[in-house]
1. Look through the range 14-31, keep the residues that are over 15 Å from residue 91 (Cα atoms) and of a type in the set (D, E, K, R), and return whichever of them is least open to solvent (accessible area, probe 1.4 Å).
2. If you go through the range 78-90 one residue at a time, how many are over 14 Å from residue 15 (Cα atoms) and touching a residue at least 40 places away in the same chain (Cβ under 8 Å)?
3. Can you tell me how many residues in the range 53-108 are modelled with pLDDT of 90 or more, of a type in the set (Ser, Thr, Tyr) and either over 22 Å from residue 25 (Cα atoms) or touching a Cys at 6+ places or on another chain (Cβ under 8 Å) (or both)?
4. Tell me which residues, restricted to the range 32-43, are modelled with pLDDT of 90 or more and exposed (fewer than 14 other Cβ atoms within 10 Å of the Cβ).
5. Please go through the range 72-91 and pick out each residue that is in a loop (DSSP other than H, G, I, E, B) and either touching a Phe, Trp or Tyr at 6+ places or on another chain (Cβ under 8 Å) or closer than 18 Å to residue 1 by Cα (or both).
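The values are calculated or read from the model by the stated rules, or taken from the named source; none is laboratory data. Everything quoted here is computed from the prediction, not taken from an experiment. When we count neighbours, we look across all protein chains shown, and the Cβ atoms used for this are built from the backbone with ideal geometry, even at glycine. Remember, those area values only see protein heavy atoms, side chains included, never the ligands or the DNA or RNA. Shrake-Rupley method; radii C 1.70, N 1.55, O 1.52, S 1.80 Å.
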Amino acid sequence: APADQQEVFGNLLETAGKWARSRMKVTLSSTDGSMVLRVEDDGPGVPGSHRGRILQQGVRLDQQVNGSGLGLAIVDEIVTKYEGHLTLGESELGGLLVEVKVPLTEAA
């Protein structure tokens, strides 16, 4: 649904924008019957041991940056609703990489 798409894009861009020092990279592609959205930043990143925690509602690793701690949890919930997957990793830019992969569906 368009509202869900806007929510996913908006939350990912807002999160990357909060943490980026000066650069963000957004890539949208399709592969193997799925849409793949990658959002990267050059911020401090998130250690692997904490990545699962930031997908929990209300969890914030750094209280110095404004936010509710809901953004990535909401994205994960929406992506799961569409039988997709959200993964977190390290960006080539040095910060966090968020990858969303959702199966493409045929238009009716």
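1. Only one residue tops the list, namely 18.
2. Of the residues in the range 78-90, 6 are over 14 Å from residue 15 (Cα atoms) and touching a residue at least 40 places away in the same chain (Cβ under 8 Å).
3. Of the residues in that region, 2 qualify.
4. 33
5. Residues satisfying the conditions are 82, 83, 84.
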